[in-house]
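Asks: One structure follows; several queries about it will come next.
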Amino acid sequence: MNDGTISERKTDSVLELRGITKVFPGIVALSDVHLDVRKNEVHAIVGENGAGKSTLCNVITGIFPPTHGTIYWKGEAIRITHPSEALSMGIAMVYQERNLIPGLTGAQNISLGMERARVGLIDEAYSRKMAEALRERVGARVPLDVQAGNLGASQQQMIEILRALAHRPQLLILDEPTASLDRNDIECLFQVVRHIREDGTAVIFISHKLDEVYSIADRISVFRDGRRISTTATPELNRGTCIKHMINREMVEQYPKVTSQQGRILLAARDVSDGRTLTNVTLTVKSGEIVGVYGLVGAGRTQFAEVVVGLRRASHGEVRFEGKPLTPRDSPAMRIRRGIFLIPEDRRRKGLFSAFSIRENTSISFLETLRGFFGLIKRKEEKRRVQQVLDSAMLRVTYNNVDQGIEELSGGNKQKVMIGRWIGRTGLRLLIMDEPTQGIDVGAKREVYNMMRELAERQEIGILCISSELPELIGISDRIYVFRDGAVSGELGRAEFNQEEILRRAL
Amino acid sequence: MSENRSPSIRPREKPSQGFIVALRRYAVAVVLVILFVVFAVLEPSFSQAQNVFNIVRQASIIGLLSLGLTCVVSVGEFDISFAALSTFSGVMSVVLLMNGVNLYLAWLISVLAGVLVGSLNALNIVVLGIPSFIATLGMQSILLGVSRYFTGGTVLYAAEYPRGFEAIGRALVFHTIPTPVISFLVFGILLVLFLEFSRSGRYIYSVGGNPEAARHVGINVRKIKFISFVIMGLLAGVAGIIMASMFGSGNPGMGDGYLSPVIIATFLGAVFLKDGLTNSRGTIVACLVLAVLENGFVMTNVPYYMKEVVQGFVLLIAVGSVAVLKGQSVSGGK
């Protein structure tokens, strides 16, 4: 699979990584990575979520140093301790998320940090000329005098690329640059990238969209689980082979046997669009089954879950729960009362209250059932029920006492509390889980899978499980829907489960 | 992702560290006791029952207002109009009385006016989306202006007040306990029960701590914020009518002096028990600290301007120590 170890330093390599390893407490993000990037090339890095692409960039741009290994820049070994050092050496990066100053114009953003001042006052003409020259050189078409906040997504992207180019980098890293662009803009972007390449700058292009990678990249490196699996010239890499390199063929975890019998239709979504991300999503979940939802970041899975739960409005289409349509008037609280529970992804941002205790974090979903005199919370009862859930065979959370601060728990236990919050509430009909095993170890994952199977076996409950871990979904689901670019690109029954097929539909 | 192989519970803080944490959490209460003792030693009449009641009476108005502000800050917002609102309610009660309105009715209307203004604040902030500081700043201006208009620009003294007018401000229960103290006690208990032990109170802290997570759990964030501002309005109204009764007049400037101490008390209270989160019990203790300081200074003949200097220092030291020790600052939520 490898194209051989790089034993001699390539003379036209502008960047060379040798033996780069990055270890975080408990996890190895990069393992012995050898990589070279040449002048005048667009080098694509592809891989699934968690393959190590972001960590690789962070190491190259100096956000943190590698645990082992050396970086060679223009032939010399370097140690970067700060991103600004990388920038001054000629390594620039454009991130997935925008980092522009909305109140400044395009030109001002481009020349940010490189302005010239006369007697303390910024020379705007100089900035403007700099921005214009860059724009010409690269063939971009974007207004320079409009406030960045008023520009469209692709225009903002272009401004950011120009801003990176203002530092005259020899290496430009683009992280998922097409994430928020439409087809036309993508073509414009590619023209610009080709110009940049001709100019002599090396480009690292990170993406999971194989179509685009194949049309812009000269070489493709596939990463998986922190390792570089292969590097091949684009014309020589067969798409099927590429996908094979991306996925893990071995399914180490064992999943509980799927024996559910499906009952009535719990959730029926038809042609759901939200005017922004989702387009005509049609999907059903029956009681007694676990329905998996696979897709890459940005595919619209979480957005769909938010529509079902009432946190996001659908502009189009219909969602029916137990036969009855859900309207915008059905608030999230009302949908919870009807039995639709959502365990959100990103527990730090959307799930846990960091200032609260374990008790308070768990009971927050069923406080209304703990009302005592004058609306005060029945604390003894609360404690009992919280302990009951957390100590249950399904969850077995490790903690000292329920009044501990939630932040004292490990990630895996925090995730279990998130699950416990909803398991502890009665009346569950449809459980939507968004990345439910995020951050928990193999043993705990198994427990969660068993819990899911157990719940599904209670005939009135259906589960919709959104996950980026394909093996996990294949192991526990009865059916899998594949999302791509906000729409359902495929539905597979258990008999048809095939990693390559599913991944193909997701890319 | 990285946490899954570390021990399931982070190692407990060393026992000595636990002691430091406890010290930090109860520091404000400890300071209260120390201050009390110091002043009692310096000036023996300080610790006499009558003076103690004086202290709590002084704390009462600040207490009512800061309990209200605690609600608002805990939900993640701010309200700078409370002082002007209490002035407005107080002035309104006097104006109504001067026009022959029944005493209890006048009080009721004035308090309801407070509730109404609180609702208006909530509307501006929750529905229109005006940032809370700006919205309440604008309201403050309006209230001050209206109060001045009602009093014709001067202090209103009624020729004769209905009997019972002084009851809530200047009277004594059992010949010893000033009535404002009773009000503070009653509302204090109610607010502690509400914020710390009731569902809505828990929701208030939830919204302040993580509004996104609160939404995901089905909490009606708008409703909860609304409730907070209404409570602030109610308490400001009550404080206003007590003030009017205390001073025996409708003074369009009577609330002004409370702006600083109330804000200080609210954030100083955050240090007590909750390591940087505003909370009701902390606020009460902080009010007592400020009142003890003020009263103590008077009793020991410290120049009056020292009060503000010390208040400022106390706040900075208290909040600063939380920020340094905990690595994060005081807030209404996280």
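The values are calculated or read from the model by the stated rules, or taken from the named source; none is laboratory data. What you see is a predicted model; the values in this text were computed from it and never measured. Don't worry about glycine lacking a Cβ; one is built from the backbone with ideal geometry, like all the others, and counts go over all protein chains shown.
Asks: If I ask for residues that are surrounded by 11 or more Cβ atoms within 10 Å (Cβ to Cβ), modelled with pLDDT of 55 or more and within 14 Å of another protein chain (Cβ to nearest Cβ), which ones from the range B:11-23 would you list?
Replies: B:18, B:21, listed by residue number.
Asks: Right, another one. Can you tell me which residue is surrounded by the fewest Cβ atoms within 10 Å (Cβ to Cβ) among those in the range A:397-408 that are more than 10 Å from every other protein chain (Cβ to nearest Cβ) and in a loop (DSSP other than H, G, I, E, B)? Show your work before the answer.
Replies: As a first pass, look at the range A:397-408 and keep what is more than 10 Å from every other protein chain (Cβ to nearest Cβ): A:401-403, A:406.
Imposing the further condition that a residue be in a loop (DSSP other than H, G, I, E, B) reduces the set to A:401-403.
Values: A:401: 10, A:402: 19, A:403: 12.
Only one residue tops the list, namely A:401.
Asks: Just for the range A:359-380: of the residues that are touching a Gly at 6+ places or on another chain (Cβ under 8 Å) and more than 7 Å from every other protein chain (Cβ to nearest Cβ), which one is surrounded by the fewest Cβ atoms within 10 Å (Cβ to Cβ)? Please lay out each step first, then the result.
Replies: Our first condition is that a residue be touching a Gly at 6+ places or on another chain (Cβ under 8 Å); within the range A:359-380, this holds for A:362-363, A:365-366, A:378.
If we keep only those that are more than 7 Å from every other protein chain (Cβ to nearest Cβ) as well, we get A:362-363, A:366, A:378.
Numbers: A:362: 29, A:363: 28, A:366: 20, A:378: 16.
Going through the qualifying residues, I end up with A:378.
Asks: Right, another one. Hey, any hits in the range A:54-61 for a residue that's in a strand (DSSP E or B) and touching a strand residue (DSSP E or B) at 6+ places or on another chain (Cβ under 7 Å)? Walk me through it before giving the result.
Replies: Taking the range A:54-61 as the starting set, the residues that turn out to be in a strand (DSSP E or B) are none.
No, that holds for no residue.
Asks: Please work out which one of (1) of a type in the set (Gly, Ala, Ser); (2) in contact with a strand residue (DSSP E or B) (Cβ under 7 Å, 6 or more places away or on another chain); (3) at pLDDT 85 or above is the condition residue A:365 fails and give its number.
Replies: For residue A:365, the exception is condition (2).
Asks: Go through the range A:423-443 and count every residue that is out of contact with any Lys or Arg (no Cβ under 7 Å at 6 or more places or on another chain) and facing chain B (nearest Cβ under 9 Å).
Replies: 4
Asks: Which ranges mark the strands (runs of 3 or more DSSP E) fully within the range A:411-501 that have 2 or more residues being under 21 Å from the mean Cα position of the chain (by Cα) and more than 18 Å from residue A:258 (Cα to Cα)?
Replies: Details: elements: A:430-434, A:462-466, A:479-484, A:487-493.
The qualifying strands (runs of 3 or more DSSP E) are A:430-434, A:479-484, A:487-493.
Asks: Ok, one more. Buried (at least 17 other Cβ atoms within 10 Å of the Cβ), within 20 Å of residue A:502 (Cβ to Cβ) and either at pLDDT 90 or above or not charged (D, E, K, R) (or both) - does that describe any residue in the range A:253-260?
Replies: The answer is yes; a qualifying residue exists.
Asks: Now a separate question. So, of the residues in the range B:278-306 that are buried (at least 17 other Cβ atoms within 10 Å of the Cβ) and hydroxyl-bearing (Ser, Thr, Tyr), which turns out to be nearest to residue B:57 (Cα to Cα)?
Replies: It comes out as B:283.
Asks: Also, quick follow-up: Looking at (1) in contact with a helix residue (DSSP H, G or I) (Cβ under 8 Å, 6 or more places away or on another chain); (2) crowded, with 20+ Cβ neighbours inside 10 Å, which one does residue A:164 not meet, given that it meets all the others?
Replies: It is condition (1) that residue A:164 fails.
Asks: Restricting attention to the range B:143-178, which residues are without any contact (Cβ under 8 Å) to a residue 40 or more places away in the chain and outside any loop (DSSP other than H, G, I, E, B)?
Replies: Passing the criteria: B:145, B:149, B:172, B:173.
Asks: Do we find a residue being aliphatic (A, V, I, L, M), under 13 Å from residue A:228 (Cβ atoms), more than 22 Å from the chain's Cα centre (by Cα) and away from every other protein chain (no Cβ under 14 Å) anywhere in the range A:18-27? Please lay out each step first, then the result.
Replies: Looking only at the range A:18-27, we keep the residues that are aliphatic (A, V, I, L, M), and these are A:20, A:23, A:27.
From what is left, the residues that are under 13 Å from residue A:228 (Cβ atoms) are A:20.
Now restrict to residues that are more than 22 Å from the chain's Cα centre (by Cα): A:20.
Then drop every residue that is not away from every other protein chain (no Cβ under 14 Å), which leaves A:20.
Checked the range A:18-27: at least one residue is aliphatic (A, V, I, L, M), under 13 Å from residue A:228 (Cβ atoms), more than 22 Å from the chain's Cα centre (by Cα) and away from every other protein chain (no Cβ under 14 Å).
Asks: A follow-up question, please. Can residue A:134 be described as buried (at least 18 other Cβ atoms within 10 Å of the Cβ) and either in contact with a helix residue (DSSP H, G or I) (Cβ under 6 Å, 6 or more places away or on another chain) or among the basic types (Lys, Arg) (or both)? Step through it out loud before you land on a result.
Replies: Numbers: buried (at least 18 other Cβ atoms within 10 Å of the Cβ): yes; either in contact with a helix residue (DSSP H, G or I) (Cβ under 6 Å, 6 or more places away or on another chain) or among the basic types (Lys, Arg) (or both): yes.
Considered against the rule, which asks whether it is buried (at least 18 other Cβ atoms within 10 Å of the Cβ) and either in contact with a helix residue (DSSP H, G or I) (Cβ under 6 Å, 6 or more places away or on another chain) or among the basic types (Lys, Arg) (or both), residue A:134 comes out as yes.
Asks: For the range B:194-304, list the helices (runs of 4 or more DSSP H) that sit wholly inside it and hold at least 2 residues that are more than 23 Å from residue A:366 (Cβ to Cβ); which are they?
Replies: Working: elements: B:199-209, B:211-216, B:221-247, B:259-269, B:280-299.
Filter on the range B:194-304 gives B:221-247, B:259-269, B:280-299.
Asks: Which one is surrounded by the most Cβ atoms within 10 Å (Cβ to Cβ) among residues in the range A:62-96 that are under 18 Å from residue A:226 (Cβ atoms) and among the hydroxyl-bearing types (Ser, Thr, Tyr)? First the steps, then the outcome.
Replies: Kept after step one, since they are under 18 Å from residue A:226 (Cβ atoms), are these residues of the range A:62-96: A:63-71.
Remaining after also requiring among the hydroxyl-bearing types (Ser, Thr, Tyr): A:67, A:70.
Working: A:67: 15, A:70: 13.
Here the residue is A:67.
Asks: Let me ask you something else. Could you check the range B:88-109 and list, in sequence order, the residues that are touching a strand residue (DSSP E or B) at 6+ places or on another chain (Cβ under 9 Å) and of a type in the set (S, T, N, Q)?
Replies: B:93
Asks: Give the residue, chosen from B:237, B:253, that is surrounded by fewer than 20 Cβ atoms within 10 Å (Cβ to Cβ) and within 20 Å of residue B:97 (Cα to Cα).
Replies: Working: B:237 fails: surrounded by fewer than 20 Cβ atoms within 10 Å (Cβ to Cβ).
The unique qualifying residue is B:253.
Asks: Mind listing just one residue for me: the one in the range A:331-356 that is of a type in the set (D, E, K, R) and in contact with a Phe, Trp or Tyr (Cβ under 9 Å, 6 or more places away or on another chain) and, of those, nearest to residue A:293 (Cα to Cα)?
Replies: If we filter the range A:331-356 for residues that are of a type in the set (D, E, K, R), which is where we start, we get A:335, A:337-338, A:345-350.
Retained after the next criterion (residues that are in contact with a Phe, Trp or Tyr (Cβ under 9 Å, 6 or more places away or on another chain)): A:335, A:338.
Working: A:335: 21, A:338: 22 Å.
The residue in question is A:335.
Asks: Turning to a different aspect of this structure: Looking only at the range A:387-396, count how many residues are in contact (Cβ under 8 Å) with a residue 12 or more places away in the chain and away from chain B (no Cβ under 13 Å). Full working, then the answer.
Replies: Narrowing the range A:387-396 to residues in contact (Cβ under 8 Å) with a residue 12 or more places away in the chain: A:387-390, A:392, A:394-396.
Then keep just the ones that are away from chain B (no Cβ under 13 Å); that gives A:387-389, A:392, A:394.
Residues flagged as in contact (Cβ under 8 Å) with a residue 12 or more places away in the chain and away from chain B (no Cβ under 13 Å) within the range A:387-396 amount to 5.
Asks: Please go through the range A:121-142 and give me each residue that is in contact with an Asp or Glu (Cβ under 6 Å, 6 or more places away or on another chain) and part of a helix (DSSP H, G or I), ordered by number. Write out each step before concluding.
Replies: Step one: of the range A:121-142, the residues in contact with an Asp or Glu (Cβ under 6 Å, 6 or more places away or on another chain) are A:122, A:127.
If the condition is that a residue be in contact with an Asp or Glu (Cβ under 6 Å, 6 or more places away or on another chain) and part of a helix (DSSP H, G or I), then A:127 is the only one that fits.
Asks: Collect the residues in the range A:299-325 that are within 14 Å of another protein chain (Cβ to nearest Cβ) and part of a loop (DSSP other than H, G, I, E, B), keeping them in residue-number order.
Replies: Scanning the range A:299-325 gives A:310, A:311, A:312, A:313.
Asks: Using the structure shown, decide if residue A:411 is farther than 24 Å from residue A:460 by Cα and either small (Gly, Ala, Ser) or more than 11 Å from every other protein chain (Cβ to nearest Cβ) (or both). Reasoning before the result, please.
Replies: Details: farther than 24 Å from residue A:460 by Cα: yes; either small (Gly, Ala, Ser) or more than 11 Å from every other protein chain (Cβ to nearest Cβ) (or both): yes.
In short, yes.
Asks: From B:202, B:215, B:222, which residue is touching a Pro at 6+ places or on another chain (Cβ under 8 Å), within 12 Å of another protein chain (Cβ to nearest Cβ) and not aliphatic (A, V, I, L, M)?
Replies: Result: B:215 is the single residue among B:202, B:215, B:222 that is touching a Pro at 6+ places or on another chain (Cβ under 8 Å), within 12 Å of another protein chain (Cβ to nearest Cβ) and not aliphatic (A, V, I, L, M).
Asks: Would you say residue A:340 is more than 8 Å from every other protein chain (Cβ to nearest Cβ), farther than 17 Å from residue B:207 by Cβ and in contact with a strand residue (DSSP E or B) (Cβ under 6 Å, 6 or more places away or on another chain)? Reasoning before the result, please.
Replies: Values: more than 8 Å from every other protein chain (Cβ to nearest Cβ): yes; farther than 17 Å from residue B:207 by Cβ: yes; in contact with a strand residue (DSSP E or B) (Cβ under 6 Å, 6 or more places away or on another chain): yes.
Yes.
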